[in-house]
Amino acid sequence: MADATSTARRSVDFPKRINKLVARVSPWWVYGVGLIPAAWYFYLGAVNDLGANPIQAFEHILGEWALRFLIATLLVTPLRDLTRINLFRFRRSLGLLTFYYVLFHFLTYFILDRGMDLPVIAVDIFKRPYIIVGMVGFLCLIALAVTSNNRAIRAMGRAWGQLHRLVYLVAVLGVVHFFMAVKSWPPRPFVYASIIAVLLGYRLLLLVRNQRRAAA
């Protein structure tokens, strides 16, 4: 009985310990650590260690890391609700890292892959619809990144929360863009799609529950 009580006490104390540790970590560390993959793969590309087509490989890697940071951003809320581990102070950093990686992904395509040749890019857009999907998601992320500051939160009020629901659309567009961009059907897009589907499904359940409570 005593062992069961002590085990239950430790399970209760564990989230508190994690939260105390998290409170000591500056969000700036998230940026520092989060940008390491981009720097590392840029180095591998510079030394010609990214395969036969290093520019395309670098472009795809940046896109995948953007999806990973987007998943991490969406994971903050269910992690708090289900485990009481609170990482909300890092959510803005994770969201902005998502934007930075999508920006790097776009710049790699625009500058390194297509040499800023606008006619070629225009032809690409008409020939490859997944570029349009990606651009719509990128434009949504720009709106979210520009308003990811305390001044915008105060100035926009409730509209800020409504605008930032675009992150759910960005998640869907990101997965669709990935599926359309790959020439075969590797397992990675399915993995990302499954994770994002679960996270968005959790948000939908919360919305339905809150609406029922409000109606009651």
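No value in this document is a laboratory result; all are computed from the given coordinates. Everything numeric here is computed off the predicted structure, so don't read it as measured data. All Cβ positions, even for glycine, are placed from backbone atoms using ideal geometry, and neighbour counts span all protein chains on display.
Of the numbered conditions (1) closer than 22 Å to ALA39 by Cα; (2) surrounded by 16 or more Cβ atoms within 10 Å (Cβ to Cβ), HIS164 fails exactly one; give the number of that condition. So HIS164 meets the others, but not (1).
Can you find even one residue in segment 90-107 that is among the hydrophobic types (A, V, I, L, M, F, W, C) and not in a helix (DSSP H, G or I)? No, segment 90-107 contains no residue that is among the hydrophobic types (A, V, I, L, M, F, W, C) and not in a helix (DSSP H, G or I). Please pick out the residue among ILE61, ILE71 that is crowded, with 20+ Cβ neighbours inside 10 Å and either over 16 Å from LEU141 (Cβ atoms) or touching a residue at least 24 places away in the same chain (Cβ under 8 Å) (or both). Step by step, each of ILE61, ILE71 is checked, and only ILE61 is crowded, with 20+ Cβ neighbours inside 10 Å and either over 16 Å from LEU141 (Cβ atoms) or touching a residue at least 24 places away in the same chain (Cβ under 8 Å) (or both).
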